[in-house]
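> Would you mind keeping the following structure in view while I ask a few things?
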Amino acid sequence: LGLLYQEYRDKSTRQEIETRRLQDSQTDPEESSPSEETPSEAEPASTTESKAPPQISLLRNSNSRFNLWQDLPEIRSSGVLSILQPDEIKLQEAMFELVTSEASYYKSLNLLVSHFMENERLKKILHQSEAHILFSNVLDVMAVSERFLLDLEQRVEENIVISDVCDIVYQHTVNHFSVYITYVSNQTYQERAYKQLLQDKPAFREVISQLELDPKCKGLSFSSFLILPFQRITRLKLLVQNILKKVEEKSDRETTALDAHKELETVVKACNEGVRKMSRTEQMISIQKKLEFKIKSVPIISHSRWLLKQGELQQMNGPKTSRTLRTKKLFREIYLFLFNDLLVICRQIPGDKYQVFDSAPRGLLRVEELEDQGQSLANVFILRLLENADDREASYMLKASSQSEMKRWMISLAPNRRTKFVSFTSRLVDCPQIQCVHPYVAQQPDELSLELADVLNILDKTDDGWIFGERLHDQERGWFPSSMGEEILNPKIRAQNLKECFRVHKSDDSQRRKLGSRSRQ
């Protein structure tokens, strides 16, 4: 393969977006499947041009197409394409993509090690401990990828029609992929060390810049190589999902795909938890230092506690019935720290400190939006503490800076409150959906980072350009700007996306039902 993994992944996801756009514009989603038959050579539409990377030379052939399983000379000359059903050809392509993308990923890992990590000038600049934080256990990750790729290639060479790959994925995930958890859990320290080295060591900055300019890197940054393992383990889960959607139901291949997906999901969750645990502990310590308690002190730091949202709101003074805003003095600033199990209400005091004057368990919070109160009371809601720090009920009338900020607070404070649209987990027949056409990195704890081609159910939206969504492939929820996606308008495509999602998470559902029946007993 001529592509580095970053290029392969970007091209693949953009092609997925174009395929979905084409299907969305048609009456019947089965009319065209360009991703399996004739990959689009066109660049993404103008909506993505501002984010698109420089044009790249793809693979060995000059016409900028992916190499497909059905395009291989051995396949074309064998006559097997005239024998296999169209669905089986699509399945072969899905399995072949998992193999070729692993080859591309291994190539990029190899470049990270040989071109950057083993560079003699860089070795002299970096202290051993700095190099360890920066590169972590990447050699172990690369060794695991090589072993995995060899087994995949051997399977492909056994027969021109690939029998299965998910059994191999399952074995390697169970026995070897724990190295990914180690690498990804180090990500917070890795990012910090890299920024510090760039700032403190001009020689390091100079060498990295020179190495990045080498034609081997194809204009890609050093940091894009460092993040490869986390991107790969997440993408591998999605590739197995793609296979799972195409295998025959109740077949052996469905069983192995479900098993592989379940194990990969466990690893991905452990990776995410590893990253969060590192950053959350530091964040909680920092918050604890800033709080001064006017009421009985509440211990903030706990292994099972993390921050969901923080920020300033305006509290309305006077009785709740006084809903006319004659002067700005009716409102005063308060600051909220909302954790997964606790709300702390403060006022900011000099020295970047916060004086806590009330608190309540998160499970004892209720919110109520004020409707049609006029411009002066726009974006105002009632927060009720069923049991506050004084063991009594308390109410606060709070004003947010915008509609989106009000909705974000209301959903964070009372997560079980019904949203505008119903989530995928309710098994709704149809629900608004959106696909991501620009990647997005979450800026706040209640936001959701998006990858290209992610498909999400829209649970709520605001007039000022924000969407509260639930990603189909992992049910993660959060806010993101509506400009990051394109709404899927074709109800058949939305139904197809939901159907595929239910199938992928079939084993999760049966497990939940078993646990539910046990708890009832």
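The values are calculated or read from the model by the stated rules, or taken from the named source; none is laboratory data. A quick note: this is a predicted structure, and the numbers were derived from the prediction, not measured. Please note: Cβ atoms are built from the backbone with ideal geometry, for glycine as well, and neighbour counts cover all protein chains shown. Accessible surface is based on the protein model in full, side chains and every heavy atom, while ligands, DNA and RNA are left aside. Shrake-Rupley method; radii C 1.70, N 1.55, O 1.52, S 1.80 Å.
> Within region 472-502, which residues are part of a strand (DSSP E or B), in contact with a Phe, Trp or Tyr (Cβ under 8 Å, 6 or more places away or on another chain) and either among the charged types (D, E, K, R) or touching a residue at least 40 places away in the same chain (Cβ under 8 Å) (or both)? Break it down stepwise before answering.
In the first step, residues of region 472-502 are kept if they are part of a strand (DSSP E or B); the result is 477-481, 485-488.
Now drop any that are not in contact with a Phe, Trp or Tyr (Cβ under 8 Å, 6 or more places away or on another chain), which leaves 477-481.
ARG477, TRP479, PHE480, PRO481 - these are the residues of region 472-502 that are part of a strand (DSSP E or B), in contact with a Phe, Trp or Tyr (Cβ under 8 Å, 6 or more places away or on another chain) and either among the charged types (D, E, K, R) or touching a residue at least 40 places away in the same chain (Cβ under 8 Å) (or both).
> Any residue in region 241-258 that is open to solvent by 60 Å² or more (accessible area, probe 1.4 Å) sitting within a Cβ distance under 6 Å of a residue that is of a type outside the set (A, V, I, L, M) and in a loop (DSSP other than H, G, I, E, B)? List the pairs, counting only those 6 or more apart or interchain.
Cβ pairs passing all conditions: ARG253/ASP164.
> Taking helices (runs of 4 or more DSSP H) that fall entirely within region 205-304, which contain at least 1 residues that are among the basic types (Lys, Arg) and under 30 Å from GLY351 (Cα atoms)?
Values: elements: 222-226, 228-246, 252-290.
Here the list reads 252-290.
> Let me ask you something else. Determine whether region 158-172 contains at least one residue that is of a type in the set (D, E, K, R), in the same structural domain as SER78 (by the TED database) and not in a helix (DSSP H, G or I). Even if it seems obvious, please write down each step before you answer.
Step one: list which residues in region 158-172 are of a type in the set (D, E, K, R), which gives 158, 164, 167.
Applying the additional criterion that residues be in the same structural domain as SER78 (by the TED database) yields 158, 164, 167.
Going one step further and asking which of them are not in a helix (DSSP H, G or I), we end up with 164.
For region 158-172, residues of a type in the set (D, E, K, R), in the same structural domain as SER78 (by the TED database) and not in a helix (DSSP H, G or I): present.
> Restricting attention to region 457-473, which residues are closer than 21 Å to LYS309 by Cβ and of a type outside the set (A, V, I, L, M)?
First, pick out the residues of region 457-473 that are closer than 21 Å to LYS309 by Cβ: 458-471.
If the condition is that a residue be closer than 21 Å to LYS309 by Cβ and of a type outside the set (A, V, I, L, M), then ASP460, LYS461, THR462, ASP463, ASP464, GLY465, TRP466, PHE468, GLY469, GLU470, ARG471 are the ones that fit.
> In region 342-381, which residues are at pLDDT 95 or above and assigned to a loop (DSSP other than H, G, I, E, B)?
Within region 342-381, none qualify.
> For region 89-101, name all the residues that are of a type in the set (D, E, K, R) and without any contact (Cβ under 8 Å) to a residue 60 or more places away in the chain.
GLU93
> Go through region 108-138 residue by residue and tally those that are under 21 Å from GLN210 (Cβ atoms), under 24 Å from the mean Cα position of the chain (by Cα) and not aliphatic (A, V, I, L, M).
Going through region 108-138 one residue at a time, the tally reaches 2.
Here is a yes/no grid of residues against (1) at pLDDT 95 or above; (2) more than 32 Å from the chain's Cα centre (by Cα); (3) closer than 22 Å to GLU447 by Cβ:
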{"position": "VAL267", "(1), (2), (3)": "yes, no, no"}
{"position": "GLU273", "(1), (2), (3)": "no, no, yes"}
{"position": "LYS277", "(1), (2), (3)": "no, no, yes"}
{"position": "ARG280", "(1), (2), (3)": "no, no, yes"}
{"position": "LYS296", "(1), (2), (3)": "no, yes, no"}
{"position": "ILE301", "(1), (2), (3)": "no, no, no"}
{"position": "ARG305", "(1), (2), (3)": "no, no, yes"}
{"position": "GLN310", "(1), (2), (3)": "yes, no, yes"}
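> Considering only region 284-298, I want to know if a residue exists there that is under 30 Å from LEU91 (Cα atoms) and either surrounded by 14 or more Cβ atoms within 10 Å (Cβ to Cβ) or not aromatic (Phe, Trp, Tyr) (or both).
So in region 284-298, the residues under 30 Å from LEU91 (Cα atoms) come out as none.
No - not one qualifying residue is present in region 284-298.
> Suppose we filter GLU153, GLU88 for residues that are more than 20 Å from GLN231 (Cβ to Cβ), open to solvent by less than 50 Å² (accessible area, probe 1.4 Å) and assigned by the TED database to the domain that holds ASP252; which single one remains?
On the way: GLU153 fails: open to solvent by less than 50 Å² (accessible area, probe 1.4 Å).
It is GLU88.
> Scan region 66-79 and report the pairs whose first residue is farther than 18 Å from MET95 by Cα and whose second residue is open to solvent by 50 Å² or more (accessible area, probe 1.4 Å) and polar (S, T, N, Q), with Cβ atoms within less than 7 Å and a gap of 6+ or a chain change.
Once the first residue is farther than 18 Å from MET95 by Cα and sits in region 66-79, no partner that is open to solvent by 50 Å² or more (accessible area, probe 1.4 Å) and polar (S, T, N, Q) comes close enough.
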